[in-house]
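Take a look at the structure below.
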Amino acid sequence: MSRVEQSTKLDLERIVFIGRTFEEYLDMFSLSKEELEGKKILDCPAGACSFTAVGNKQDLDITAADIAYYHSKEDLYNKGLQDIEHTMELMEKAQSNYIWDYFKDVESLRKHRLSALKNCANDMGESSERYVPVTLPSIPFKDGEFDILLSAHFLFMYADRLDYQFHIKTLNELLRVTKEEIRIFPLVDLEGKRYEHLDKLISYLAENGCTVEEVKVPYEFQANANLMLKIKKG
């Protein structure tokens, strides 16, 4: 491992390795499989999501990128199992902060998270080239390498620790490697409040030639988290 990787990768203990399923992605981003066919897609940051694993088995062209991928598949799988159990314990105490339509109960949620983790870990073993370690705001891809970029549960959610400039730098990198459009979900922070600088950020994107809209999606688990940002490049 290079010095740069050693200095930028997070300790495994500081990474939460939990992911969503392929079906959740389609709903979170209001997409159909048909819309993704023939497109080159990047999921960033992808975590333990099974979108890449399941999508590629359905003949889609998806690459996953995440800081977690500096670690081995085995270490990530074991960390993921621990993180799921820890999260489920917290969920039992905070069920009122969530809307139990998509998942009927905590056990249903656990099954989805385990399914995503297992599919992701298996695919990392079979097709490791699809899982690229990155340290945002930098991304090691070429200009316009992807048609569509999907980004879930990172930007906006951690507004308490990622400042506005980090968001701008990251968005500029996402735009650089994308030809057509970026979709970001959700638009709220961990407390379920709309990202405080969202209007300012939308204005910035519009001034730089992008068409931006907030789209209601058929997915809401965290209360108030049912909107995504759809950014089309000019």
Taking 7 Å along the Cα-to-C-beta vector as the label spot, tell me the LEU190-LYS93 distance in nanometres, rounded to one decimal.
1.4 nm
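Test of understanding: given the chain, find the longest segment containing no trypsin sites (Lys or Arg not before Pro) that are in a DSSP loop and have at most 10 other Cβ atoms within 10 Å.
Numbers: sites that count: LYS104, LYS142, ARG161.
No qualifying site falls inside 1-103, the longest such stretch.
FRET efficiency for ILE202 and GLU107, Cβ-Cβ distance as r, R0 = 45 Å, nearest 0.05?
Details: r = 39 Å, r/R0 = 0.86.
Efficiency, from the Cβ-Cβ distance: 0.70.
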Relative contact order for region 33-172 using alpha-carbon pairs under 8 Å, separation at least 6, rounded to a whole percent?
37 percent
Return the subset of LYS79/LYS233; LYS39/LYS118; LYS79/LYS142 for which the Cα-Cα distance in this structure is over 28 Å, preserving the input order.
LYS79/LYS233; LYS79/LYS142
Can you give me the P(r) profile for the chain? Cα pairs, bins 5 angstrom wide beginning at 0, each as a whole percent.
1, 6, 14, 19, 21, 19, 13, 6, 1, 0
Within the chain, which DSSP H helices have Cα atoms that stretch 24 Å or more along the helix axis and a mean Kyte-Doolittle hydropathy of at least -1.0?
106-126
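What is the percent carbon and sulfur in the accessible area of the chain, measuring with a 1.4 Å probe over the protein chains and ignoring ligands?
Details: 5170 of 11290 Å².
Heavy-atom surface of the chain belonging to carbon and sulfur, 1.4 Å probe: 46 percent.
For region 87-188, state the semi-axes of the equivalent ellipsoid (square roots of 5 times the eigenvalues of the alpha-carbon gyration tensor), sorted largest first and rounded to whole angstrom.
Numbers: eigenvalues 168, 82, 30 Å².
Those come to 29, 20, 12 Å.
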What percentages make up the Cα-Cα pair-distance distribution of region 2-117 when the bins are 10 Å wide from 0?
12, 39, 33, 15, 1
Using the basic label-point model (7 angstrom from Cα toward the beta carbon), what is the ASP75 to ASP147 distance in nanometres?
3.6 nm
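Of all DSSP beta bridges in the chain, what percent run antiparallel (nearest 5)?
Values: 13 of 29 bridges.
Roughly 45 percent of the beta bridges in the chain run antiparallel, per DSSP.
How much length is gained on full extension from LYS39 to SER128, taking 0.36 nm per residue of separation minus their Cα-Cα distance? Kindly include the intermediate steps, with their values, before the conclusion.
Details: separation 89, 0.36 × 89 = 32.04 nm, distance 2.03 nm.
Extra length available between LYS39 and SER128 comes to 30.0 nm.
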In Å, what is the Rg of the alpha-carbon atoms in region 15-60, and how long is Dmax?
10.5, 33
Whole percent per 10 Å bin, from 0 to the bin with the longest distance: what is P(r) over all C-alpha pairs of region 56-95?
23, 30, 34, 13, 0
12 Å Cα-Cα reach of LYS73 towards aspartates and glutamates, excluding residues that sit fewer than 8 places from it in its own chain
ASP123, GLU126
Region 107-234, relative contact order in percent, only Cα pairs under 8 angstrom and at least six apart counted:
23 percent
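Remind me, relative contact order of the chain in percent, using alpha carbon pairs under 8 angstrom and six or more residues apart? Intermediate values should be presented prior to the final figure.
Values: 395 pairs, mean separation 52.6, N = 234.
That works out to 22 percent.
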Simple label model, 7 Å out from Cα along Cβ direction - ARG176 to ASP59, nm:
3.5 nm
Would you mind listing how long region 76-118 runs along its three principal axes, going by Cα atoms, in whole Å with the largest first?
29, 18, 12
Along its three principal axes, how long is region 160-234 when you only count alpha carbons? Whole Å, largest extent first please.
32, 28, 19
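The values are calculated or read from the model by the stated rules, or taken from the named source; none is laboratory data. These numbers were taken from a predicted model, which means no experiment stands behind them. All Cβ positions, glycine included, derive from the backbone under ideal geometry; neighbour counts span all protein chains shown. For accessibility, only protein heavy atoms count, side chains too; no ligands or nucleic acids. Shrake-Rupley method; radii C 1.70, N 1.55, O 1.52, S 1.80 Å.
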